[in-house]
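Here's the structure we're looking at; comments come further down.
The values are calculated or read from the model by the stated rules, or taken from the named source; none is laboratory data. Small disclaimer: the values here were computed from a predicted structure and weren't measured. Note that each Cβ is placed from the backbone with ideal geometry, even for glycine, and that neighbours are counted across all protein chains shown. Remember, those area values only see protein heavy atoms, side chains included, never the ligands or the DNA or RNA. Shrake-Rupley method; radii C 1.70, N 1.55, O 1.52, S 1.80 Å.
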Amino acid sequence: MVGSNKIFRVSVKVLVYALLAVAVFCMLIPYVWMLSSSLKMNKDVFSFPMQWIPDVPRWQNFVDIWTRIPLGRFIYNTAKLSVVVTILQLLTSSFAAYAFSKLQFKGKNILFLGYIATIAIPWQAYMVPQFIMMRSLGLNNTHLSIILLQAFSAFGVFLMRQFYQGVPDELCEAARIDGLSEYGIWARIMLPLSKPALSTLTIFTFVNTWNDFLGPMIYLTKTELKTIQIGLRMFISQYSAEYGLIMAASVVSIIPVVIVFLALQKYFVQGVAASGVKG
């Protein structure tokens, strides 16, 4: 009987690992195809049967992408927006989360629920009024419009609040007795304790801003202001598309995202798990 249970547990574990391996394989295939296509001529990208490793890799694609379009400028614009928006979201989300989790004021729960409820409203439902507002302020065709619109995040507030709920209230009370202000408690106690949650929010915000297509598409029309996601469309003409160059530029575009994730990944699982079970 004991032996049968052991065999059953081992079989289940093997099955789970096999399913996970298949899932990982399926998720990696598009990236492998992108990398393979980035080293091919345009006519060979969709050839059948597919050649995963080109006989003669075309490294010239990674040279042409810098000369055919102002890729360096696009990467700078994207990095600028991603870094600024990420920093602002970390500040605003952690500030609001501290108030919602550790301060007492009238209507706190109703205000929090109302703010979090905005997550359920798709951006497409209010993007036109939002654009009209920004245009009336003279901010269309500027990076400031995107920064202001993305500087606040209901999801970020929810994530940080859930983490702050796990910090004992007695810790904040002791700090208040010692004369520390609310700003001091936030800066000297809450932030150092919330590295996992901050790292998780950093990854989510940076990746979403870096990969944002529709926002820059609506607000940025000048070439010198465009981001890399909009710049990739410049390889597509009315009658053809240079897929080899598109794939090469896409490979370059995911490098910063991979770097950010690898730098913060050790906190990522902790932040998601802790924010999901506390509160």
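Structure data summary
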{"read-out": "Out of Met190, Met134, Met160, sole residue that is closer than 30 Å to Thr223 by Cα, open to solvent by less than 30 Å² (accessible area, probe 1.4 Å) and not hydroxyl-bearing (Ser, Thr, Tyr)", "value": "Met134"}
{"read-out": "Residue check, Ile177 over 28 Å from Asn77 (Cα atoms), modelled with pLDDT of 85 or more, among the β-branched types (Val, Ile, Thr) and surrounded by fewer than 17 Cβ atoms within 10 Å (Cβ to Cβ)", "value": "yes"}
{"read-out": "Those helices (runs of 4 or more DSSP H) lying entirely in the stretch 1-120 with at least 2 residues under 24 Å from the mean Cα position of the chain (by Cα) and exposed (fewer than 10 other Cβ atoms within 10 Å of the Cβ)", "value": "2-37"}
{"read-out": "Residues of the stretch 1-55 classified as basic (Lys, Arg) and within 21 Å of Leu245 (Cβ to Cβ), total", "value": "2"}
